Amino acid sequence: MDFRKGVVNDFGVIFDSQHEGNETAIATEDFASQWNWFGVMYRLAGGQIVNLEAVTKLNLYECLTWLTYETELDSQNKVKYGSNQ
């Protein structure tokens, strides 16, 4: 359980929709408790079931780092484009 808590804490931007106002989090607490890690795999697979097997062979930390980057980039772009309007 400590491993899971550490991962969720280290990659909070992915799992917590309240983390710094993150509206693009992969899973809110309620959703995550129902689907667990499937949401992470779904996002990495681009929503395509044919990519699921390939995703399961990737390194966990690389996947979570990738998703953290994507999520923060998306948030940054929303701020950037939102301020231009």
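The selection criterion, being of a type outside the set (Gly, Ala, Ser), out of contact with any Cys (no Cβ under 6 Å at 6 or more places or on another chain) and under 20 Å from residue 14 (Cα atoms), holds for residue 73. One residue stands out among those in the stretch 45-69 that are among the polar types (S, T, N, Q) and in a helix (DSSP H, G or I): the one that is surrounded by the fewest Cβ atoms within 10 Å (Cβ to Cβ), which is 56.
When residue 72 is tested against the conditions (1) surrounded by fewer than 14 Cβ atoms within 10 Å (Cβ to Cβ); (2) at pLDDT 80 or above, the lone failure is (1).
Restrict the check to the stretch 21-37 and report whether at least one residue is at pLDDT 90 or above, hydroxyl-bearing (Ser, Thr, Tyr) and more than 20 Å from residue 5 (Cβ to Cβ). No, the stretch 21-37 contains no residue that is at pLDDT 90 or above, hydroxyl-bearing (Ser, Thr, Tyr) and more than 20 Å from residue 5 (Cβ to Cβ).
The values are calculated or read from the model by the stated rules, or taken from the named source; none is laboratory data. What you see is a predicted model, and the numbers here were worked out from it, not measured in a lab. No Cβ is skipped: glycine too gets one built from the backbone with ideal geometry, and neighbour counts run over all protein chains shown.
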